[in-house]
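Read the figures in this text as sums done on the coordinates, not as results from a lab. Since this is a predicted model, take the numbers as computed values, not measurements. Glycine also receives a Cβ, built like all others from the backbone with ideal geometry; neighbour counts cover every protein chain displayed.
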Ligand code: 5GP
């Protein structure tokens, strides 16, 4: 049991179990893209630990870069405009694997994919460490899933609760 700010959490997925699953996701990706060049795009901040661990097991010719979703007040009356910060690679004709920490409603990944599509990549696949199927209502289901989890808040292994808890080496679930 641990305390992060005002909330109590308990271990949900231990460090070793995460590492085993991350290794096997990498093996699956290595096999599926054998002989191809892949650009991995990790979504900050939450995926930094996952991205670091999975990339150590990727044996493909590959690149990695990091993006962040942000939204700002546009000039149109339509309100907020989404943008991807850090997408410097030219993705035209490239095979892309997005590395996400968690897909919940799917709204974020849908926005990321639609902004990325402007660059006309050859293929975009999604690899998410965690996936909440009961909350999902998006267009793009992850192609590679570490763990499908119930609809409860988790922290650790990169995921935060009000920016705290990202450093925890296991995944913890909120205790109600
Ligand atoms: P979406 O609902 O768009 O799929 O997810 C939006 C964002 O909410 C995720 O990228 C993640 O930052 C955050 N999120 C969703 N569920 C959780 C959770 O259980 N724990 C943490 N720490 N963040 C979450």
**Message:** Please compute the modelled spin-label separation between residue 1 and residue 52, points set 7 Å along Cα→Cβ, answer in nm with one decimal.
**Reply:** 3.0 nm
**Prompt:** How many nm is it between the label spots at residue 115 and residue 23, if each spot is 7 Å from the Cα in line with the beta carbon?
**Reply:** 3.5 nm
**Prompt:** Within the chain, what percent of beta bridges assigned by DSSP are antiparallel, to the nearest 5?
**Reply:** 40 percent
**Item:** Nitroxide proxy distance, nm - points 7 Å out along Cα→Cβ at residue 152 and residue 134
**Value:** 1.0 nm
**Prompt:** Any number yet on Rg/Rh for the stretch 21-176, C-alpha, Kirkwood?
**Reply:** 0.97
**Complete:** Length gained, residue 174-residue 45, 0.36 nm per residue minus C-alpha separation, equals 44.4 nm
**Fill in**
The FRET efficiency for residue 92 and residue 10, from their Cβ-Cβ distance with R0 = 41 Å and rounded to 0.05, is 0.35
**Fill in**
Taking 1, 116 and counting other beta carbon atoms within 10 angstrom, the fewest-first order is 1, 116
**Complete:** P(r) of the stretch 1-89 over all Cα-Cα pairs, 5 Å bins starting at 0, rounded to whole percent, reads 3, 11, 15, 15, 15, 13, 11, 9, 6, 2
**Asked** Over the chain, what relative contact order in percent results from Cα pairs under 8 Å that are six or more residues apart?
**Response** 25 percent
